[in-house]
Amino acid sequence: MTMEESKDYLDLSEPEDEQSSQIFEDLLDVEPIFDSKEVLRPAYTPDELPHRNSQIQEVATVLVSALRGDTPSNILIYGKTGTGKTASAKLVSQDLETASQKFEVPCEVQYINCEVVDTQYRVLAKLARAFGREDVPMTGWPTDRVYDAFFDAVDTRERVVVIMLDEIDKLVEKSGDDTLYNLSRVNSDLDNARVSIIGISNDVQFTDMLDPRVKSSLGEEEIVFPPYDANQLRDILQQRAEMAFQENVLEDEVIPLCAAFAAKEHGDARRALDLLRTAGEVAERSQLEIVNEEHVREAQERIELNRVVEVVRTLPTQSKTVLYSVIEFAEEHSDKMTTGEVYNTYKRVCQTTGMDPLTQRRVTDLIDELDMLGIVNSVVISKGRYGRTREISLSVPHQETKEVILEESRLDDVDVDTVAQSKLNEER
Ligand SMILES: Nc1ncnc2c1ncn2[C@@H]1O[C@H](COP(=O)(O)OP(=O)(O)O)[C@@H](O)[C@H]1O
Ligand SMILES: [Mg+2]
């Protein structure tokens, strides 16, 4: 709409200010799809977690020692993302604190997300502050001093302290296992308090990175959270849907389809909820009052595309250039291509952008990386007596991927025409 048109458009109606307030009132009036969208967001934890009873029971059985005045064993919880580890652990700790007040047995839980708090210093400082040493700065002291501050703060009185280290694999990956080593030995020096650790990891292999002493102390109890299957995901979605949506807006296939898609993504409940919310938003945007199967399929595509966009955006420039070359070749010639064909296109793209080309060997490595990220598909095929060759094709949508690549300033002046032009020049 041009300025002129928009003026006409506004003039058609009531006096201006009245109309603008009306726009929002109208939108607020009708809420045909959602009752509470928040319920579908990751931050929301329901009071009950279907299909996690036995895991919750296992954790509680270990922690109940705290209420008897003993030190609970350390626990290691494993499972893929979206299997309800964080939600379950938080639920148990709330119950533990409630029970501790009821029975007047001092017991506290400190939750730390190690993806955010990712060094020994920060973990210790965070704990020291949580136990009352607010003077400890989040950076700057020697680690010994922070450790002492934490130690003194915990030991001020008799109590059991459960330290829950979520995403513990990220901490170990980034800063090694010193933190865990120190925390797992702290009980031998404490006079009053008792510390027990719950580590939560998305990565089953992560204990391979640990010192054997840390491994055996931390893994006194190991609890595995298996992926959800499609039926379990249905129940989880059903529970949320009742709170999140208006009555009778979901067609029958919606929840089973969301569950089926997420079951393929290693049984990820986060993905299932995300899909259901996005499907609702798609329907909302189409101004419909019903969510149907089509909306779920569109939501699935959208989420998948977002993932691709995120991955492509963070690729190094050379990898983007290689990917761009694959798209170029596919658009100009054929969907399937050899490494040599990618490499020739790549050299032309480098020429247009003034970039130094890598060797074919390196480019082949970059293609392998793109393959592992699920962006291209590279298979070795037999050409009979001509030997074997690699066949490369794109696994993501051309247009959208290209747009993301062209956001990068070094590549923004390459487009089909300039590449075609330079090819012409080359041929002359
Ligand atoms: N059994 C369940 N019932 C209801 N919601 C669940 C269940 N398991 C997971 N969720 C929800 O799925 C999302 C991901 O769960 P989360 O506990 O964060 O997984 P993890 O920590 O294993 O990656 C959260 O929104 C959580 O509330
Ligand atoms: Mg988690």
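The values are calculated or read from the model by the stated rules, or taken from the named source; none is laboratory data. Remember, predicted model here, so these are calculated numbers, not experimental data. Counting neighbours? That spans all protein chains shown, and the Cβs are built from the backbone with ideal geometry, glycine included. Heavy atoms of the whole protein, side chains included, go into the accessibility calculation; ligands, DNA and RNA do not. Shrake-Rupley method; radii C 1.70, N 1.55, O 1.52, S 1.80 Å.
For the chain, what is the percent of antiparallel DSSP beta bridges, rounded to the nearest 5?
30
Using modelled amide H (1.01 Å from N, peptide plane; none on Pro or chain starts), what sits under 5 Å from the amide H of Val109, excluding residues fewer than 5 places away?
Val162
Longest span of the chain, sites excluded, free of GluC sites (Glu not before Pro) in DSSP loop with at most 10 other C-beta atoms within 10 Å?
248-428
Testing the spin-label approximation: label points 7 Å from Cα along Cα→Cβ at Glu242 and Gln205. State their distance in nm.
4.2
Contour minus end-to-end for Asn192 and Arg362, with contour as 0.36 nm per residue of separation and end-to-end as the Cα-Cα distance?
Taking 0.36 nm per residue and subtracting the Cα distance, the gain is 55.2 nm.
Using a 1.4 Å probe on the protein heavy atoms, what percent of the accessible area of the chain belongs to carbon and sulfur?
On the chain, the fraction of accessible area on carbon and sulfur atoms equals 47 percent.
Return a whole-number percent for the relative contact order of the range 182-304, with Cα pairs under 8 Å and 6 or more residues apart as the contact set.
This gives 21 percent for the range 182-304.
May I ask you to derive the FRET efficiency for Asp95 and Thr338 from their Cβ-Cβ distance with R0 = 45 Å, giving the value to the nearest 0.05?
0.15
Run the helix sum for the chain: -39,500 (n - 2.57) per DSSP H stretch of 4+ residues, divided by residue count, reported at 222 nm to the nearest 500 deg cm²/dmol.
Dividing the helical sum by the residues of the chain leaves -17000 deg cm²/dmol.
Anything over 22 Å Cα to Cα? Flag those among Lys85/Lys170; Lys170/Lys320; Lys90/Lys126; Lys90/Lys174; Lys85/Lys264; Lys126/Lys174, in the order listed.
Exceeds cut-off: Lys170/Lys320; Lys90/Lys174.
Given a 1.4 angstrom probe, what's the average accessible area per residue across the chain, in square angstrom?
Dividing the accessible area of the chain by its residue count gives 54 Å².
So what's the gap between the Cα centers of the range 256-291 and the range 204-241, to the nearest angstrom?
Their Cα centres are 24 Å away from one another.
Each label point is 7 Å from the Cα along the Cα-to-Cβ direction; what then is the distance between the points at Asp70 and Val380, in nm?
5.6
Volume per residue, Å³, of the convex hull around the alpha-carbon atoms of the chain?
Given the Cα convex hull of the chain, per-residue volume reads 253 Å³.
Please list 3J(HN,Hα) in residue order for the range 217-226, calculated via the Karplus relation 6.51 cos²θ - 1.76 cosθ + 1.60 where θ = phi - 60°; whole Hz, with x for glycine and proline.
6, 6, x, 3, 10, 10, 10, 9, 9, x
Using 0.36 nm per residue of separation minus the Cα-Cα distance, give me the extension gain between Lys37 and Ser286 in nm, one decimal.
Here the segment from Lys37 to Ser286 would lengthen by 87.9 nm.
Working from Cα positions, state the angle (0 to 90°, nearest 10) between the long axis of helix 143-154 and the longest principal axis of the chain.
Value to nearest ten degrees: 50.
Against the longest principal axis of the chain, how steep is helix 230-244, in degrees 0 to 90 to the nearest 10, with axes from Cα atoms?
Around 80 degrees separate the two axes.
What angle do you read, to the nearest 10 degrees and between 0 and 90, between the alpha-carbon axis of helix 339-353 and the longest principal axis of the chain?
For 339-353 against the chain, the angle is about 80 degrees.
Based only on Cα atoms, what Rg/Rh ratio does the range 53-224 have, Rh being taken as Kirkwood's radius?
0.94
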